[in-house]
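Notes for the one structure printed next.
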Amino acid sequence: MKLEHIGIAVADIESTKNLLKAIFGAEPYKQEVVASEGVITHFYDAGGVKIELLEATSTDSAISKFILKHGQGLHHLAFSVDHVSTDFERIKGLGIQVLGEAPKQGADGKWIFFAHPRDTSGVLMEFCSEQK
Ligand code: ZN
């Protein structure tokens, strides 16, 4: 299992993009609308680890709710696994609450699921793989 990306919830995408450009000279290499999640993702390459900026597209998206509750900032850590369905069952079997009934289609052509931060030391964890 390896760190695949770091998700950051942003309230003002343009100012965050300008900040990353000023600090790192970086531009997003990919932007993608994930309609089912109510977000636009903006991916950066940070030396092999991706940074995923999460911009809400509506007030009832999970990212809008997160920002209302916590402010913008670190949202989740994502780990790549071989088969997300296998790890969905394995992690559930450890007594950790997983979100949803099954892995779902996420950004970047990946199948994903999340584990509830209440059961993972306060850090929202995403697990993802190319194959379901
Ligand atoms: Zn993510």
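Residue count for the stretch 1-36 satisfying the condition of being touching a residue at least 24 places away in the same chain (Cβ under 8 Å), part of a helix (DSSP H, G or I) and aliphatic (A, V, I, L, M): 2.
Can you confirm whether the stretch 98-113 contains a residue that is in contact with a Gly (Cβ under 7 Å, 6 or more places away or on another chain) and closer than 17 Å to HIS5 by Cα? Steps first, please.
In the first step, residues of the stretch 98-113 are kept if they are in contact with a Gly (Cβ under 7 Å, 6 or more places away or on another chain); the result is 112-113.
Checking which are closer than 17 Å to HIS5 by Cα leaves us with 112-113.
Yes - at least one qualifying residue is present in the stretch 98-113.
Being away from the ligand (no atom under 13 Å from the Cβ) and not in a strand (DSSP E or B) is the filter here; which residues of the stretch 37-57 pass it? The answer is GLY38, GLY47, GLY48, THR57. For the stretch 89-107, a residue qualifies if it is of a type outside the set (Lys, Arg), away from the ligand (no atom under 14 Å from the Cβ) and on the phi < 0 side of the Ramachandran plot, and the qualifying residues are GLU89, ILE91, GLY93, LEU94, ILE96, GLN97, VAL98, GLU101, ALA102.
For LYS65, indicate whether it is surrounded by fewer than 15 Cβ atoms within 10 Å (Cβ to Cβ), closer than 21 Å to GLY122 by Cβ and charged (D, E, K, R). First the steps, then the outcome.
Values: surrounded by fewer than 15 Cβ atoms within 10 Å (Cβ to Cβ): yes; closer than 21 Å to GLY122 by Cβ: yes; charged (D, E, K, R): yes.
Taking the combined requirement at face value, the residue satisfies it.
Please identify the pairs in which a residue from the stretch 73-95 that is under 18 Å from ARG118 (Cα atoms) has its Cβ atom under 8 Å from the Cβ atom of a residue that is more than 16 Å from the ligand (Cβ to nearest atom) and not β-branched (Val, Ile, Thr), counting only partners at least 6 apart or on another chain. From residues that are under 18 Å from ARG118 (Cα atoms), the pairs are PHE88/ALA102; GLY95/ASP119.
Name the residue that is farthest from the ligand (Cβ to nearest atom), counting only residues in the stretch 64-79 that are under 10 Å from ILE8 (Cβ atoms) and in contact with a Gly (Cβ under 7 Å, 6 or more places away or on another chain). Let's see the steps before the verdict.
Step one: of the stretch 64-79, the residues under 10 Å from ILE8 (Cβ atoms) are 72-76.
So of that shortlist, the ones also in contact with a Gly (Cβ under 7 Å, 6 or more places away or on another chain) come out as 75-76.
Working: HIS75: 8, HIS76: 6 Å.
Filtering first and then ranking leaves HIS75.
If only residues of the stretch 69-83 that are in contact with a Ser or Thr (Cβ under 9 Å, 6 or more places away or on another chain) and farther than 29 Å from THR59 by Cβ are counted, the one that is surrounded by the fewest Cβ atoms within 10 Å (Cβ to Cβ) is ASP82. Evaluating TYR29 against the criteria (1) in contact with a Phe, Trp or Tyr (Cβ under 8 Å, 6 or more places away or on another chain); (2) within 19 Å of MET1 (Cβ to Cβ); (3) away from the ligand (no atom under 13 Å from the Cβ) leaves one unmet condition, (2). Looking at the stretch 91-132, the strands (runs of 3 or more DSSP E) lying wholly inside it that each contain 2 or more residues that are surrounded by fewer than 19 Cβ atoms within 10 Å (Cβ to Cβ) sit at 98-105. Scoring LYS110 on the criteria (1) within 12 Å of the ligand (Cβ to nearest atom); (2) at pLDDT 95 or above leaves a single failure, condition (2). Look at the stretch 50-71: where a residue is without any contact (Cβ under 8 Å) to a residue 60 or more places away in the chain and a partner is within 11 Å of the ligand (Cβ to nearest atom) and open to solvent by 40 Å² or more (accessible area, probe 1.4 Å), sitting 6+ places away or on another chain with Cβ atoms under 6 Å, you get ILE51/ILE6; LEU53/ILE8.
The values are calculated or read from the model by the stated rules, or taken from the named source; none is laboratory data. As the structure is a computational prediction, the values presented were derived from the model and not from experiment. As a convention, Cβ positions derive from the backbone with ideal geometry for all residues, glycine included, and neighbour counts pool all protein chains shown. Side chains are part of the model used for accessible areas, which takes the heavy atoms of the whole protein and leaves out ligands, DNA and RNA. Shrake-Rupley method; radii C 1.70, N 1.55, O 1.52, S 1.80 Å.
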